[in-house]
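Colleague: After the structure tokens below, expect a handful of questions from me.
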Amino acid sequence: MDKSNITAPKRIYAKEDVCIGCRLCEIHCIAAHSKYRHDLIKTFKKLSKRPLPRIVVEEDVPLSFGLQCRHCDDPECVKACITGAMQKDPKTGLVINDTERCIGCWTCILACPYGVIRRDYTNKKVASKCDFCLESGLEPACVKNCPNEALYIKNTIKYYDL
Amino acid sequence: MAISLLTPEFIIERNDERCIRCQVCVRQCANLAHIYDEEEDRVLADDSKCVNCHRCVTLCPTRAITIRKNPLEFKENANWTASAIREIYKQAETGGILLTGMGNDKPYPVYWDRMLINASQVTNPSIDPLREPMELKTFLGRKPEMLKVENGKLKEKLPPQLELEVPIMFSAMSFGSISFNACQALAMAASELGIMYNTGEGGLHKDLRKYGKNTIVQVASGRFGVDPEYLNAGAAIEIKIGQGAKPGIGGHLPGEKVTAQISQTRMIPLGSDAISPAPHHDIYSIEDLRQLIFSLKEATDYQKPVAVKIAAVHNVAAICSGIARAGADIIVIDGFRGGTGAAPLRIRDNVGIPIEFALAAVDTRLRQEGIRSQVSLVCAGGIRNSADVIKAIALGADAVYIGQAALIAMGCHMCQKCYTGKCNWGIATQDPNLVKRLNPEIGARRLVNLIKAWAHEMKEMLGGMGINAIESLRGNRFMLRGIGLTSRELDILGIKAAGE
């Protein structure tokens, strides 16, 4: 396998020790995927239908952590997808849902062992999941805006470094 | 229940044009000052619960919140100020001693701000620390009267010394008064910086033993967590006699804060009150203190310097002379602006003397008696910046302790509510939901940045004075001039007036 053109796949990890349950990751995720992009005030003031947060803070205090798509090595959602909308990008290792091809059958939701794919009735009738903020070309909004550095990106080369 | 006469101290202002109802403020306020009204879809505030700690202000993603002093005025009265009236209301309602946290906040003169530092011009060259080496390294401990050299080597072993890369250490703050994460941040930073942090009287948590080389273990009147392993775990031992914020007063960690970890670390039963008596019950004289100093030296095989910490009080110079003669290697003097996790308000605001006078008086006295080299002097209590450090060293300190400045670096906003245990910044609390808010890695990074920044500034100031080693500034009071001081004050500080 030619490794030269492989971007090291990145994944977002949570540090539950220091997650403070503020849910700023969710808020910034919503804004990052709205048409106003990173403008929080416009996103929340102007849009009656806002995108769903693609990261959810799971909480059983004092334990809490932000959970989003793990971009699995062997993703169940990709295998389950009936239209081929859910794909694992061989270059980046990210699992991305092509919203044009997604028909909202939600088989992926049944298949995902982490419960991180959600039914987005509000925006488009498609499965909503973490896209690593690829379109913005910036660091994922949840990681960038976590006030306590409880989310971080770690390069995981293990699988691809075969 | 009769109505409380206390009105809110602060007003929470929310800009509704910016508030997006994300409820971060609601989730972050441990005092429950923010409330979300689901029916109205609005975030409301209970101003009476606000302590002005800025947690909500800082975390609000749209900067919608401001906290203001309540504009409500009492009839103007120079004697019966708002705080004087409010304190009476509070005591009339509770019948209790007023408690507070952090250092004295009354407008007593800050003498650091009345001393100015010298610089070289024409007749002697200043030094650029970016181009030439500049030494801040400091050794604390008893120095021999003379060095005996034989065949180019020291004939006698030097007494144990503490080596500091920068003459700044983190003050004693116990696990109990501050959170584990705060202790860990201090330990990590001290270890990275090559300086010391101090356990306070709360014992040493087993997970922090690995930072032993940069730890000063404290033995205070409660003797919490003290055993031979503890005494040998650090680089030095400090006997705490007094604290600047509450001279003559002991401590009391309420049982509800004595969690499993604290119980284990302090070696006391779970949930029991941890009471530090006002005096050490085995120290009633200098001779008794000598016994404890030598007991501790014996327990550590004379390998570790022993420090004695006292609050700056009226006869501080004579007391320190006694402490030096009792065999202490380091004397720590804590001024009346020193911080605390909890102190009676009247004690904090009215007992003790300014550290600047205490330090100058002690250094002068020890020099007069010819015993200055027997001890190192550490100055503590309200050091705010690198200029204060330089001035303290010029007045005669070997090093300084910073407590409040370190806490501020970690996120403290000086709301002075440490004693409530509801610190929204995860510092002065044992609530696991709040402790998590202080990420030890971020805390340590900020502390390291602070000390590095101060070290740079100190080098700049030293260079300006034409000095290339902190050792040459130590006790060099010619480098200070007083401004707006009486001649009596100048005499005690041992400095000349500006222009002289």
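Colleague: Under 13 Å from the Cβ of B:D227, count the other residues' Cβ atoms, weight Lys and Arg +1, Asp and Glu -1, and hand me the total.
Modeller: +3
Colleague: While we're looking at this one, here's another question. Can you list which of the chymotrypsin sites (Phe, Trp or Tyr not before Pro) found in region B:263-329 are DSSP loop residues with at most 14 other C-beta atoms within 10 Å?
Modeller: Passing both the DSSP loop test and the Cβ count: B:Y284, B:Y302.
Colleague: Could you list, by residue number, the cysteines of chain B that have no other cysteine's beta carbon within less than 4.7 Å of their beta carbon?
Modeller: Lacking a cysteine Cβ partner under 4.7 Å: B:C19, B:C22, B:C29, B:C50, B:C60, B:C183, B:C320, B:C379, B:C412, B:C418, B:C423.
Colleague: Counting other Cβ atoms within 10 Å, keep those with at most 15, restrict to DSSP loop, and tell me which GluC sites (Glu not before Pro) in region B:1-70 are left.
Modeller: In loop regions of region B:1-70 (DSSP not H, G, I, E or B), the sparsely surrounded GluC sites (Glu not before Pro) are B:E17, B:E38, B:E39, B:E40.
Colleague: What does the charge count near A:E58 come to, summing +1 for each Lys or Arg and -1 for each Asp or Glu among other residues with Cβ under 12 Å from its Cβ?
Modeller: Cβ neighbours under 12 Å give a net charge of -3.
Colleague: Exactly which GluC sites (Glu not before Pro) in region A:73-140 are in a DSSP loop and have at most 11 other Cβ atoms within 10 Å?
Modeller: A:E100, A:E135
Colleague: If amide H atoms are built 1.01 Å from N in the plane of the peptide, which residues on other chains or at least 5 residues away come under 5 Å of the amide H of B:I402?
Modeller: B:M169, B:F170, B:S171
Colleague: Taking neighbour counts of Cβ atoms within 10 Å as a proxy for exposure, in what order, fewest first, do B:I371, A:I20 appear?
Modeller: In increasing order of surrounding Cβ atoms, one gets B:I371, A:I20.
Colleague: Also, quick follow-up: Near A:I117, within a Cβ-to-Cβ distance under 12 Å, what is the net charge of the other residues, with Lys and Arg +1 and Asp and Glu -1?
Modeller: With Lys, Arg at +1 and Asp, Glu at -1, the net is +2.
Colleague: Could you derive backbone 3J(HN,Hα) for region B:492-500 from the dihedral phi with the Karplus parameters 6.51, -1.76 and 1.60 (θ = phi - 60°), listing whole Hz in sequence and x where the residue is Gly or Pro?
Modeller: 5, 6, x, 10, 8, 7, 4, x, 7
Colleague: Continuing with the same structure: Apply the Karplus parameterisation 6.51 cos²θ - 1.76 cosθ + 1.60, with θ equal to phi minus 60°, to every residue of region B:234-251 and state each ³J(HN,Hα) to the nearest whole Hz, in sequence, with x for glycine and proline.
Modeller: Karplus values, whole Hz, x for Gly and Pro: x, 8, 7, 10, 10, 8, 9, 8, x, 10, x, 6, 8, x, x, 10, x, x.
Colleague: In terms of modelled amide H atoms, which long-range or inter-chain residues lie less than 5 Å from the amide H of B:R42?
Modeller: Residues meeting the amide H criterion: B:D37.
Colleague: If you don't mind, another one. Give me the dipole magnitude in Debye, nearest 20, for region A:1-134 about the Cα centre, with unit charges on the beta carbon: positive for Lys and Arg, negative for Asp and Glu.
Modeller: 700
Colleague: A further question on this structure: Once phi is turned into ³J(HN,Hα) by the Karplus curve 6.51 cos²θ - 1.76 cosθ + 1.60 with θ = phi - 60°, what whole-Hz value does each residue of region A:37-51 show in order, with x for glycine and proline?
Modeller: Going residue by residue, I get 6, 8, 8, 5, 5, 5, 4, 7, 8, 9, 9, 7, 10, 9, x Hz, with x marking Gly and Pro.
Colleague: For n ≥ 4 DSSP H runs only, could you compute -39500 (n - 2.57) per run for chain A, divide by its residues and tell me the 222 nm figure to the nearest 500?
Modeller: Roughly -4500 deg cm²/dmol at 222 nm, from the helical runs in chain A.
Colleague: Contact order normalised by length for chain B, with contacts defined as Cα pairs under 8 Å and 6 or more residues apart; what percent is it?
Modeller: Dividing the mean separation by the residue count of chain B yields 19 percent.
Colleague: So in chain B, what percent of DSSP beta bridges are antiparallel if you round to the nearest 5?
Modeller: Taking every DSSP beta bridge within chain B, about 40 percent pair in antiparallel fashion.
Colleague: Compute the relative contact order of region B:10-96 as a whole-number percentage, counting only Cα pairs closer than 8 Å that sit 6 or more residues apart in sequence.
Modeller: That works out to 33 percent.
Colleague: Can you bin chain B into rounded, prolate or oblate? Criterion: square roots of the alpha carbon gyration tensor eigenvalues sorted a ≥ b ≥ c, rounded for a/c under 1.5, prolate for a/b above b/c, oblate for the rest.
Modeller: Cα axes put chain B in the prolate bin.
Colleague: Answer rounded, prolate or oblate for region A:41-130, using the Cα gyration tensor with square roots of eigenvalues a ≥ b ≥ c: rounded when a/c is under 1.5, else prolate when a/b is larger than b/c, else oblate.
Modeller: Oblate shape, in that a/c is at least 1.5 and b/c is the bigger or equal ratio.
Colleague: Could I ask something else about it? Using Cα positions and a limit of under 18 Å, work out the aspartates and glutamates in reach of B:K155, with same-chain residues fewer than 8 apart set aside.
Modeller: Leaving aside aspartates and glutamates fewer than 8 places away in the same chain, those within reach of B:K155 are B:E145.
Colleague: Still on this model: Can you list residues from other chains, or at least 5 along the same chain, whose modelled amide H is less than 5 Å from the amide H of B:A497?
Modeller: Those qualifying (amide H under 5 Å, at least 5 residues apart or on another chain) are B:G482.
Colleague: Something else now. About the Cα centre of region B:10-96, what is the dipole size in debye to 20, counting +1 per Lys and Arg Cβ and -1 per Asp and Glu Cβ, all else neutral?
Modeller: 440
Colleague: Going through the cross-link list B:K137/B:K210; B:K206/B:K417; A:K91/A:K129; A:K15/A:K91; B:K206/B:K257, which pairs have a Cα-Cα distance over 21 Å in this structure?
Modeller: Flagged as over cut-off: B:K137/B:K210; B:K206/B:K417; A:K15/A:K91.
Colleague: Here is a follow-up. Counting other beta carbons within 10 Å of each residue's own, what order do B:W80, A:W106, B:W454 fall into, fewest first?
Modeller: Fewest to most other Cβ atoms nearby, the residues stand as B:W80, A:W106, B:W454.
Colleague: Find, to one decimal place in angstroms, the Kirkwood hydrodynamic radius of region A:17-85, where the mean of 1/r is taken over every pair of different Cα atoms and then inverted.
Modeller: Computed over region A:17-85, the radius equals 14.0 Å.
Colleague: Separate question: Give the percent of DSSP beta bridges with both residues in the protein assembly as shown that are antiparallel, rounded to the nearest 5.
Modeller: The antiparallel proportion sits near 55 percent.
Colleague: Using a 7 Å offset from Cα along Cα-Cβ at B:S126, what residues in region B:440-460 end up with backbone N under 12 Å from the label point?
Modeller: Only B:460 fall inside the zone, counting backbone N under 12 Å.
Readers should treat all values here as calculations from the given coordinates under stated rules, not as data from a laboratory. This one's a predicted model, so the numbers in the text were calculated from it and none came from an experiment. Note that each Cβ is placed from the backbone with ideal geometry, even for glycine, and that neighbours are counted across all protein chains shown.
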